[in-house]
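Here the structure comes first, spelled out in structure tokens, and everything after it is commentary.
The values are calculated or read from the model by the stated rules, or taken from the named source; none is laboratory data. Being a predicted model, the structure only gives us computed values, none of them experimental. When we count neighbours, we look across all protein chains shown, and the Cβ atoms used for this are built from the backbone with ideal geometry, even at glycine.
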Amino acid sequence: MRNKTIISILIFLFISSLVACGSNKVEDSNGDKQEVNSVNVYKQEFDEEDSKKTLLFTLQKDKNKNKLDKFIKAANEVKYQTSRVDMPPSDYKLEFGLANNKKVSYSLWLEPNFEGGFIMEDSSHFAQFNQATSKELLNIINHK
């Protein structure tokens with residue numbers, strides 16, 4: 001009986017630590033991890049003379065935590081890369097509102113028929129993700 005209790009406690013602590021590792025933080029401009037309160041998702045449109053971004057929706061941590069976490073997870077995939085990329089204008093702009101009242105922006109490329117997606121903070125901080133993640137984010141954007 002005592003062994004079962006100890007094992008149960010250890011399993012609980014292990015699962016709790018895994019949940020804590022599923023971070024709801026992103027790096028601010030100083031490189032410090034900050035808790036995310038919200039994300040504004042903008043649709044970006046470009047023509048030869050002008051660019052326009054339109055707010056599609058805002059996800060709040062207290063109202064839309066599961067959806068917000070998916071965007072945070074994508075942002076946390078962004079890493080410094082030794083190569084630089086030159087990309088066309090992005091489809092979407094993500095603007096994370098942080099607990100320290102700062103904002104961090106990412107550009108997001110998602111194509112419905114593409115094999116994945118791409119997220120970039122700047123030309124040397126970016127990540128590519130798989131088709132499943134791309135579809136998941138597109139599903140949130142299209143059904144919000």
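Among the listed residues GLN34, GLN44, identify the single one that is touching a Pro at 6+ places or on another chain (Cβ under 8 Å), outside any loop (DSSP other than H, G, I, E, B) and on the phi < 0 side of the Ramachandran plot. Walk me through how you get there before you give the answer.
Details: GLN34 fails: touching a Pro at 6+ places or on another chain (Cβ under 8 Å).
Sole residue among the options that is touching a Pro at 6+ places or on another chain (Cβ under 8 Å), outside any loop (DSSP other than H, G, I, E, B) and on the phi < 0 side of the Ramachandran plot: GLN44.
For the stretch 11-38, a residue qualifies if it is at pLDDT below 80, within 16 Å of the chain's Cα centre (by Cα) and not small (Gly, Ala, Ser), and the qualifying residues are CYS21, ASP28. Residues of the stretch 82-118 that are modelled with pLDDT of 90 or more, part of a strand (DSSP E or B) and not aromatic (Phe, Trp, Tyr): LYS93, LEU94, GLU95, GLY97, LEU98, LYS103, VAL104, SER105, SER107, LEU108. Filtering the stretch 119-132 for residues that are modelled with pLDDT of 90 or more, surrounded by 13 or more Cβ atoms within 10 Å (Cβ to Cβ), in contact with a strand residue (DSSP E or B) (Cβ under 6 Å, 6 or more places away or on another chain) and more than 15 Å from LYS43 (Cα to Cα) leaves an empty set. Output the residue which, of all residues in the stretch 118-128 that are in contact (Cβ under 8 Å) with a residue 24 or more places away in the chain and closer than 17 Å to PHE96 by Cβ, is nearest to the chain's Cα centre (by Cα). Out of the qualifying residues, it is ILE119. The residues in the stretch 50-81 that are outside any helix (DSSP H, G or I) and under 15 Å from GLY97 (Cα atoms) can be counted, and the count is 9. Is it true that VAL41 is modelled with pLDDT under 90, of a type in the set (Val, Ile, Thr), within 12 Å of the chain's Cα centre (by Cα) and under 25 Å from GLU111 (Cα atoms)? When the stated conditions are applied, VAL41 does not pass them. Among the residues here, ASN64 qualifies as within 20 Å of LYS25 (Cβ to Cβ), of a type in the set (S, T, N, Q) and free of Cβ contacts under 8 Å to residues at least 40 places away in the same chain.
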